[in-house]
1. Could you say whether any residue in the stretch B:339-357 is within 14 Å of another protein chain (Cβ to nearest Cβ) and assigned to a strand (DSSP E or B)?
2. Can you work out which of the residues in the stretch B:448-471 that are free of Cβ contacts under 8 Å to residues at least 12 places away in the same chain and part of a helix (DSSP H, G or I) is farthest from the other protein chains (Cβ to nearest Cβ)?
3. For residue A:174, state whether it is within 25 Å of residue A:234 (Cα to Cα), modelled with pLDDT of 90 or more, facing another protein chain (nearest Cβ under 9 Å) and in a helix (DSSP H, G or I).
4. Checking residue A:270 against (1) surrounded by fewer than 20 Cβ atoms within 10 Å (Cβ to Cβ); (2) more than 18 Å from residue A:96 (Cβ to Cβ); (3) modelled with pLDDT of 85 or more, only one condition comes out false. Which one?
5. What are the residues in the stretch A:240-254 that are touching a helix residue (DSSP H, G or I) at 6+ places or on another chain (Cβ under 7 Å), more than 13 Å from chain B (Cβ to nearest Cβ) and part of a helix (DSSP H, G or I), if any?
6. Hey, does the stretch B:520-527 have a residue that's in contact with a strand residue (DSSP E or B) (Cβ under 7 Å, 6 or more places away or on another chain), closer than 30 Å to residue B:241 by Cα and part of a strand (DSSP E or B)?
7. Go through the stretch A:220-236 and report how many residues are crowded, with 17+ Cβ neighbours inside 10 Å and within 14 Å of the chain's Cα centre (by Cα).
8. Given the criteria under 26 Å from residue B:390 (Cα atoms), out of contact with any helix residue (DSSP H, G or I) (no Cβ under 8 Å at 6 or more places or on another chain) and within 14 Å of chain A (Cβ to nearest Cβ), does residue B:297 qualify?
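The values are calculated or read from the model by the stated rules, or taken from the named source; none is laboratory data. Computed from a predicted model, the values in this text were never measured in an experiment. FYI the Cβ positions are ideal-geometry reconstructions off the backbone, even for glycines, and counts take in every protein chain you see.
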């Protein structure tokens with residue numbers, strides 16, 4: 001198991017290298033001159049040229065990339081072109097908020113989505129099932145910014161019980177969490193339902209019913225556990241999406257998260273910030289993927305055996321065979 | 001194994017429930033309660049939210065919402081009006097302009113023009129910086145010299161002789177100009193001429209100083225939460241009258257609807273830069289006040305005069321004749337703008353009504369035929385996603401189509417647009433540059449021949465008139481020069497003036513004393529709670 005984890009961590013190194021190369025190349029070939037954007041329309045050509053030289057933008061692609069890589073290896077992500085603050089400091093300022101929001105939203109989605117999916121599956125074609133699935137469909141199709149604005153209109157403007165924007169206390173989290181998790185809840189509920197439906201038709205479920213096992217244990221112990229793999233996958237994906245993709249919500253609720261930060265940086269051609277941000281998100285994705293894989297093993301013993309040594313695997317195969 | 005799994009699931013649920021109760025347990029209860037009790041509850045709970053709802057007597061904090069985050073608060077490091085707005089609380093200028101348009105003493109007690117290029121300022125001797133050190137002529141000389149060389153302010157201060165502007169004694173400043181420069185007093189009275197601390201800026205470094213400035217204003221900087229807010233508190237050692245508030249917070253709320261909702265719900269006291277679509281709601285709401293007026297900037301359609309076919313005056317004029325400006329301004333600005341009758345707004349010195357060009361599609365067709373485009377013409381129009389520029393493109397496209405001009409709209413992002421514009425590659429675009437100070441020289445700042453933007457008229461006569469205007473101190477003579485320039489520009493149709501848009505910000509009903517600022521930088525120190 002430990003060997004598997006170490007191997008996976010080593011594998012992320014080329015992945016991260018690839019990510020930096022890709023994002024560096026993309027930014028390098030994008031139109032727009034950071035020096036001109038910093039200095040504005042009123043600056044003369046000479047001033048822009050001097051700043052370009054200062055920022056190292058006149059170096060060749062290879063030079064720029066190697067310099068950047070050397071910096072990253074030394075733990076230096078560069079400084080923001082716009083504010084002059086180290087990129088790592090700026091990212092640290094925002095990553096906490098992003099992780100907190102993503103975690104809360106995903107937990108909320110799991111707590112609502114999985115039970116909803118289970119109920120739908122168990123009571124297939126009932127009114128509850130139909131309503132849940134219609135709501136889930138709504139959740140997936142409803143544009144995120146629209147839902148966010150409607151929440152604000154209803155709870156802040158109309159009822160005036162929740163603050164409209166910012167993140168200055170517990171109350172402030174309610175609307176962003178609901179808004180970010182809407183799609184996740186729907187996706188998780190739908191995945192839980194279809195996965196559960198597949199499982200509860202299987203023979204072993206019928207067997208346990210026949211032997212008189214209580215329905216609760218059948219559903220939660222026997223069925224859900226076997227239905228969990230695709231659900232975990234979906235939860236992982238949704239969590240990952242909310243880490244970098246909550247831009248719209250961050251905009252509507254004026255939350256200083258990582259997503260909006262990166263979009264602003266792209267607009268300003270603030271290369272160090274874009275590269276640093278993408279790198280950090282890539283690292284988070286890798287860790288998340290690893291955690292999900294480990295969770296698979298935890299849930300499903302069959303997968304766990306794959307992670308173990310091949311000799312051990314052989315032994316198990318022999319025993320089974 | 002199974003037990004472990006159930007335990008994990010359970011703990012997940014518990015974490016969720018706990019975080020929910022931590023985050024919003026009271027919110028959950030509240031939804032079921034009547035609005036009165038929630039009102040009081042939110043007062044005791046969310047301090048950021050409550051005090052704006054409370055009575056004005058106890059009000060000591062001002063919260064205002066900006067539409068973008070400035071990169072720096074040092075006005076020689078950026079040109080964002082959002083940074084200037086915050087800056088009006090922290091920094092101060094040598095002189096100010098009162099409501100009658102007269103220049104009044106501020107950090108400078110008195111001043112005297114020795115000759116056309118020399119001004120002597122006597123400074124107050126009781127002014128200290130937020131770090132306790134004294135404000136001296138040395139700081140003033142440093143600030144003005146910086147203004148002259150910074151690429152962010154040199155359009156206004158380039159006439160200052162940065163080497164010979166110096167402190168004569170501790171509180172006497174000699175300001176030297178390289179050449180006579182009529183807008184100098186206007187520039188010094190605007191926020192762009194605010195004073196910095198030489199010692200603090202030099203020891204901290206310009207970037208760090210811009211993120212935590214030390215100056216002489218009534219409020220001192222306390223905290224900047226990147227992407228979220230900038231906080232200030234009253235400076236105890238302030239030389240002048242204390243402000244009506246002892247704490248101020250500038251929140252960054254980029255989304256314009258979110259900004260106006262925060263204002264309506266009392267989350268902020270002032271919301272800057274309201275979108276046209278929100279004006280009516282703010283005006284009708286009994287709790288909020290809309291403060292609107294004519295902004296300093298004007299919009300125009302840029303034509304690249306060094307590019308085919310716009311180097312032909314007949315084509316430029318045809319394009320102008322083909323525009324029904326009345327409909328265009330009505331559609332795009334939703335009635336919140338007037339048709340531009342010249343190259344800058346009427347309230348700035350020397351404005352002369354020279355247009356607008358009449359709407360005459362027949363004449364446009366004739367001129368195009370004369371220029372050799374009887375069979376039509378295809379041009380590229382550049383724009384980026386913007387609530388004003390995008391619709392202007394669509395309207396212009398349909399209007400020009402009627403005289404046989406096919407417009408291909410190229411939507412790029414702002415960074416690409418800026419780059420192309422400054423490399424002379426934009427053919428046609430709608431633009432609305434911000435005018436730094438209420439002076440014709442600044443209002444005409446797209447016209448100098450050295451500018452890198454795509455207008456590329458290369459007309460020395462324009463430059464000569466601009467030079468003459470900026471070096472003439474007598475207002476009547478100056479106005480004459482600019483009148484001639486406006487006539488000349490109109491006769492050449494180097495661009496097509498479109499609109500003088502209005503702008504607005506909203507305040508809560510209990511905010512008084514705040515006047516509309518055409519520069520978009522209202523003087524927040526004037527606020528009184530009612």
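1. no
2. Going through the qualifying residues, I end up with B:464.
3. Values: within 25 Å of residue A:234 (Cα to Cα): yes; modelled with pLDDT of 90 or more: yes; facing another protein chain (nearest Cβ under 9 Å): yes; in a helix (DSSP H, G or I): yes.
So residue A:174 fits the description; yes.
4. (1)
5. Step one: of the stretch A:240-254, the residues touching a helix residue (DSSP H, G or I) at 6+ places or on another chain (Cβ under 7 Å) are A:240, A:242-254.
Next, only the ones that are more than 13 Å from chain B (Cβ to nearest Cβ) stay: A:240, A:242-246.
Of everything in the stretch A:240-254, those that are touching a helix residue (DSSP H, G or I) at 6+ places or on another chain (Cβ under 7 Å), more than 13 Å from chain B (Cβ to nearest Cβ) and part of a helix (DSSP H, G or I) turn out to be A:240, A:242, A:243, A:244.
6. No: zero hits.
7. Looking only at that region, the number is 4.
8. On the way: under 26 Å from residue B:390 (Cα atoms): yes; out of contact with any helix residue (DSSP H, G or I) (no Cβ under 8 Å at 6 or more places or on another chain): yes; within 14 Å of chain A (Cβ to nearest Cβ): yes.
Yes, satisfied.
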